[in-house]
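Trainee: Provided herewith is a single structure, encoded as structure tokens, for subsequent inquiry.
The values are calculated or read from the model by the stated rules, or taken from the named source; none is laboratory data. All values reported here derive from a predicted model rather than from experimental measurement. Every residue, glycine as well, gets a Cβ built from its backbone with ideal geometry; the counts of neighbours run over all protein chains shown. Calculation scope for accessible area: heavy atoms of the full protein, side chains included, ligands and nucleic acids excluded. Shrake-Rupley method; radii C 1.70, N 1.55, O 1.52, S 1.80 Å.
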Amino acid sequence: MPFQCITRSTSARWLSLLAALLSCASFAHAAEPVEVNFTRDVKPLLARRCFACHGPDAGEGGLRLHEREAALAELDSGLNAIVPGDSELSELLARVAAEDESLRMPPEGKPLTPEEIATLRAWIEQGAEWQKHWAFVPPEQHAPPEVKQKEWVANPIDAFILAKLEAAGLLPAAKADRRTLARRAYHNVTGLPPSEEELSEFLADQSPDAWPRLVDRLLTSPHYGEHWARHWLDVVRYAETNSFERDGAKPNAWKYRDYVIRSFNEDKPYDQFVREQLAGDELDEVTDDSIIATGYYRLGIWDDEAADPVQAFADEQDDIVATTSQAFLALTIGCARCHDHKIDPIPQKDYYGMVAFIADVTPYAERGDAETNNQWDLSEPGRAEWRRRLRQRAMEIEREKVAMEEVGIDRMSSEDQRTAETPDRQRLIDDKLREFLNENEWELYQATLKRLEAAYEEIRQLPPADSALALAKCNPHPGPTHIALRGNPHVPGEVVEPHFPELFGIQTPTIPEAPSGARSAGRRRVLAEWIASPENMLTARVIVNRVWQHHFGRGIVRSANNFGELGDVPTHPELLDWLALWLVEHDWKLKPLHRLIMTSSAYQMSSAGNERALAQDPTNDLFWRFDMRRLSAEEIRDAILVASGQFNPKMYGPSFYPEMPAEVLATQSRPGEGWGESSKDEQARRSVYIFVKRSLLTPLLTAYDFPDVDASCEARFVTTQPGQALTMMNSDFINEQATHLAERVKSEAGGSPREQVARALEIVLGRGPYDEEISEGMTLVKRLVEEHGQSPDDALRYWCLTVLNLNEFVYVD
């Protein structure tokens, strides 16, 4: 029931309020927090439970709770929903705690919990203060807090973690055993399991600095870049095709992937990493890497036959703005494309201010000439310029050819003219064009074909271009950017200049018009410098949160792409600020940040449960233990290849194509189109090098929650579903690798079945087997031979398949 329906008499109101207070009396003292933080405790509650009827879009009963002035205003009924300092006079409390369902708020869904009501009551009693959203104020320098268990604090991270645990009366979990720690570190840093030799070496090293030295060694591994690049590729929606029906390839997209891997391995400062992707072609020092980095703009989906080109280009711009704001700033600016943001202070004008920064970005391709817009020739300047001129001449001749063809097509029947707009156009021209051109026209057409072939032949004679997917063509003098009314690009509204979202309180930049002959507008450089600035209040927070997320399984802010008011609040805001400022002070380098995190006591905790902590903090918000983690899809596939002895460590270069079942290929509109073949050796490379085709993702990876690559992925789902077990038991890949594992086991263990069973466990699990496990394996092998007629070799293969399906293999802790 909305607040406007209140018609009670004064006495009835007070009776209802008294009942509400009595209903809360039994739990209020126990549940009421000592101090309520508006941005952490109250604003998310109001947004989640109240804004639908009393928020930015609705003000039933005259109540809007998204702004302080509106929330404190008198209601249509003459009452006040919130009276600062007096919960008894605050109608909001009476209504959310009412026992009468006809009066209780919210009118639909579950009532507020006693804890939620207690939070609102405490907040009102404390003065109902409205603070600015935590993410919209600059990070503050916090000294690591004082704690009682000082011996547990290995570095400042631990002080922040332990202070909250001690305040809650909880203890941190014990330190994990050394084997678990080693496996955790290898998978966190490199995405690969430790070899038996590496594990044995670490376990034998009892020196005090054995752990930090292991961390340092792993951070120098080239496999570090491969593993952490995959996390970034999720965020920037990396794929190598365009989506839509034809899902054509994005040539040389793999070079962007390799650029990301190199950047992580070189420990490129994150601020430079940002600048190169957003404005690598506009920097003072333009390099091959900075050019390849601008492939970022070309990674999104693209309709090669859009029914509405204007709408399609607006969609491309939206994809870039939405991805940029989420990836670098953790803001959902894309929500303001059609109207002012419903929750965050981002008006529609700010969205188009961001679009104006990228106004010189051309469409992914112009039909029939994809190379011009998205393929940058990295060859030496003279050769690249000559090739560009030859291509330009070929394009001009191509346009002459098409114009001549249109003359003939215009003379054909309406049915033939419709055919000319389909993929059958060339067949129509071959069959009928001669009939509809006169002699002079036909001779000129034939001469044009010869000129075109000569131009292409000259291009073919040149050495191959060293091309990269990049922002190869810009519009240095873009027209004005208009607000699209209701998001419709066909209905332009007010003109907007490039400017930063108003919530940052930054002055609109002055960007001079690009000089004559400029290649780009220079606006993206301004955007990049602002995002990469140490003064930007979000950029450092966002990246340290992502790093933390991939070490601990979730971020300090769980919604890693959304630091806005509908995102999750940080569980440890002071720690997040401390880490953000620490990163900037350490030159934006990520490897020192990894080392800091991994050498903390918090990182080295066991994942073992604790009855009291599980009851008090079941979601582990306080980090009282290390969360158990299942390997990612790529880690599972790569670990299988390592175990089977087939792993190919080759780095970089074009992607490979895993073998794809015919049934999967048949799901395409044109079965098998765009899917190549690779050698067995290539197919044994790391999963980060798999060709990512949007319409044909690898089944093994999708079974284990490989993300949708059409949009930015902040964190992968971790599901448990039947398809995973079926894939791990029945797929051709798994069974082939089980065969290779069996061959490896035989060569290393000899002919003894017992030794073979034990060796399979050692290889896959990275530890010595228990007698019970060996006994179970021997029983299985014996039954397969004696009861099911399998050969000893096949029985061993089935045992190896079984071991690859053990939970211990796919879980880190």
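Trainee: Explain nothing, just the number: dipole magnitude of the chain about its Cα centre with +1 on each Lys and Arg Cβ and -1 on each Asp and Glu Cβ, in debye rounded to the nearest 20.
Mentor: Here the size comes out at about 1020 debye.
Trainee: With the contact rule set at Cα under 8 Å and sequence spacing of 6 or more, what percent relative contact order holds for the chain?
Mentor: 15 percent
Trainee: Here's something else I'd like to know. According to the square roots a ≥ b ≥ c of the eigenvalues of the Cα gyration tensor, what is the shape class of region 344-433, taking rounded for a/c under 1.5, prolate for a/b larger than b/c otherwise, and oblate for the remainder?
Mentor: Oblate, since a/c reaches 1.5 and b/c is not below a/b.
Trainee: Okay, next question. Check the straight Cα-Cα distances from K680 and name the lysines below 20 Å, setting aside those fewer than 8 residues away within the same chain.
Mentor: Within reach: K650, K693.
Trainee: Give the Rg/Rh ratio for region 435-478, taking Rg as the radius of gyration of the Cα atoms and Rh as the Kirkwood radius, to two decimals.
Mentor: Rg/Rh for region 435-478 comes to 1.25.
Trainee: Mind listing the Cα extents of region 106-148 along all three principal axes, in Å, largest one first?
Mentor: 44, 31, 22
Trainee: Considering all alpha-carbon pairs of region 199-287, what whole percent are spaced by more than 23 angstrom?
Mentor: 44 percent
Trainee: First measure r as the distance between the Cβ atoms of E748 and E380, then evaluate 1/(1 + (r/R0)^6) with R0 = 45 Å and state the FRET efficiency to the nearest 0.05.
Mentor: 0.30
Trainee: Next question, about the same structure. For T510, tell me the accessible area in Å² from a 1.4 Å probe, rounded to the nearest 10.
Mentor: Approximately 130 Å² of T510 is accessible to the 1.4 Å probe.
Trainee: For the chain, give the percent of accessible area contributed by carbon and sulfur heavy atoms, probe 1.4 Å, rounded to a whole number.
Mentor: Within the chain, the accessible surface is 53 percent carbon and sulfur.
Trainee: Here's another thing I want to ask about it. What residue among L469, Q417, Q549 has its Cα farthest toward the positive end of the dipole of the chain, where the charges are +1 on Lys, Arg and -1 on Asp, Glu, each on the Cβ?
Mentor: Q549
Trainee: Beyond 18 Å, what share of the Cα-Cα pairs of region 254-401 is found? Please give it as a whole percent.
Mentor: 65 percent
Trainee: Setting aside same-chain residues fewer than 8 positions from K432, which lysines have a Cα under 16 Å from its Cα?
Mentor: K401
Trainee: In Å and whole numbers, how far do the C-alpha atoms of region 79-122 stretch along each principal axis, longest first?
Mentor: Principal-axis extents of region 79-122 (Cα, largest first): 28, 23, 13 Å.
Trainee: What is the extension gain from R451 to E201, computed as 0.36 nm multiplied by their sequence separation minus the C-alpha to C-alpha distance, in nm to one decimal?
Mentor: Net length gain for the segment: 83.1 nm.
Trainee: How big is D, in µm² s⁻¹, for region 330-485 by Stokes-Einstein at 37 °C and 0.692 mPa s if Rh is the Kirkwood radius over C-alpha pairs?
Mentor: So the translational diffusion coefficient is about 168 µm²/s.
Trainee: So for C50, C335, what's the accessible-area order with a 1.4 Å probe, most first?
Mentor: Final ranking, largest accessible area leading: C335, C50.
Trainee: Tell me the volume per residue, in Å³, of the convex hull enclosing the alpha carbons of the chain.
Mentor: Enclosed volume per residue, from the Cα hull, is 227 Å³.
Trainee: In Å, what is the Rg of the alpha-carbon atoms in region 565-605, and how long is Dmax?
Mentor: Answer for region 565-605, Rg first and Dmax second: 12.0, 33 Å.
Trainee: Among G408, G334, L452, whose Cα sits farthest toward the positive end of the charge dipole of region 327-461 (+1 at Cβ of Lys/Arg, -1 at Cβ of Asp/Glu, about the Cα centre)?
Mentor: Sorting the options by dipole projection puts first G334.
Trainee: Can you check how the C-alpha radius of gyration of region 696-810 compares to 2.2 N^0.38 Å, as a plain ratio?
Mentor: Relative to the 2.2 N^0.38 Å estimate, region 696-810 comes out at 1.23.
Trainee: Could you work out the helix-only [θ] at 222 nm for the chain, with each DSSP H run of four or more residues adding -39,500 (n - 2.57) and the total divided by the number of residues, to the nearest 500 deg cm²/dmol?
Mentor: Mean residue ellipticity, 222 nm, calculated: -14500 deg cm²/dmol.
Trainee: Would you please classify the overall shape of region 689-753 from the alpha carbon gyration tensor, given that a ≥ b ≥ c denote the square roots of the eigenvalues, rounded means a/c under 1.5, and beyond that prolate means a/b larger than b/c while oblate covers the rest?
Mentor: Prolate shape, in that a/c is at least 1.5 and a/b is the bigger ratio.
Trainee: Cα centroids of region 699-729 and region 107-186: how far apart, whole angstrom?
Mentor: Centre-to-centre (Cα) distance: 31 Å.
Trainee: Now for a different question. What are the semi-axes of the equivalent ellipsoid for region 536-658, taken as the square roots of 5 times the Cα gyration tensor eigenvalues, largest first, in whole Å?
Mentor: Square roots of five times the eigenvalues give 29, 22, 15 Å.
Trainee: Compute the accessible area per residue over the chain, keeping the other protein chains in place, probe 1.4 Å, unit Å².
Mentor: Per-residue accessible area for the chain comes out at 44 Å².
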